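The values are calculated or read from the model by the stated rules, or taken from the named source; none is laboratory data. This one's a predicted model, so the numbers in the text were calculated from it and none came from an experiment. Neighbour counts run over all protein chains shown; Cβ positions are idealised from the backbone, glycine included. Areas reflect the complete protein model, heavy atoms only, side chains present, ligands, DNA and RNA absent. Shrake-Rupley method; radii C 1.70, N 1.55, O 1.52, S 1.80 Å.
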Amino acid sequence: IDVSASRARTIAQTETNQAYSRASIAEIDRAAAEVGDPIKTRWITARDARVRHSHAELHGVVMTTERAQRVKIEDGINCRCALVPVVPGTNTARRAERCDKERATLLLLERK
């Protein structure tokens, strides 16, 4: 295959991250089936200046696993974001406020 080493690394990293995300989503869905209640996921970025704008806007957002999977498929090239399950009763106002502050900081970093 006629691919540069840099491009090959990007492809390998993207595929590894995508596999990890698919496994995370599958585990969240498995746990939801076991519990009998839907479990949502929180989008967490790498929290640095390299986070793309569309992902920085999602930092801390609680969503269904279906939405998270769509975002990862549509905009997942070299994505370093993680999906964290939101256990019912732990999605507190304090946690949401912290995520809002982190999101604002990430969006400011992007402007610099």
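Under the criterion of Cα pairs below 8 Å and six or more residues apart, the relative contact order for region 1-109 equals 34 percent. At a 1.4 Å probe radius, carbon and sulfur cover how many percent of the accessible area of the chain? The nonpolar share, carbon plus sulfur, comes to 54 percent.
Solvent exposure of the chain, expressed per residue, is 66 Å² of accessible area, with all protein chains present and a 1.4 angstrom probe.
Sequence-ordered 3J(HN,Hα) estimates for region 81-87 from the Karplus curve with 6.51, -1.76 and 1.60 and θ = phi - 60° stand at 6, 10, 10, 10, x, 9, 6 Hz, glycine and proline given as x.
With a cut-off of 15 Å on the backbone N, the residues of region 80-112 near the modelled label site 7 Å out from residue 18 along Cα-Cβ are 80-81.
Computed from the alpha carbon atoms alone, the convex hull of the chain holds 99 Å³ per residue. Model label points for residue 50 and residue 93, set 7 angstrom from Cα along the Cα-to-Cβ axis, are 3.8 nm apart.
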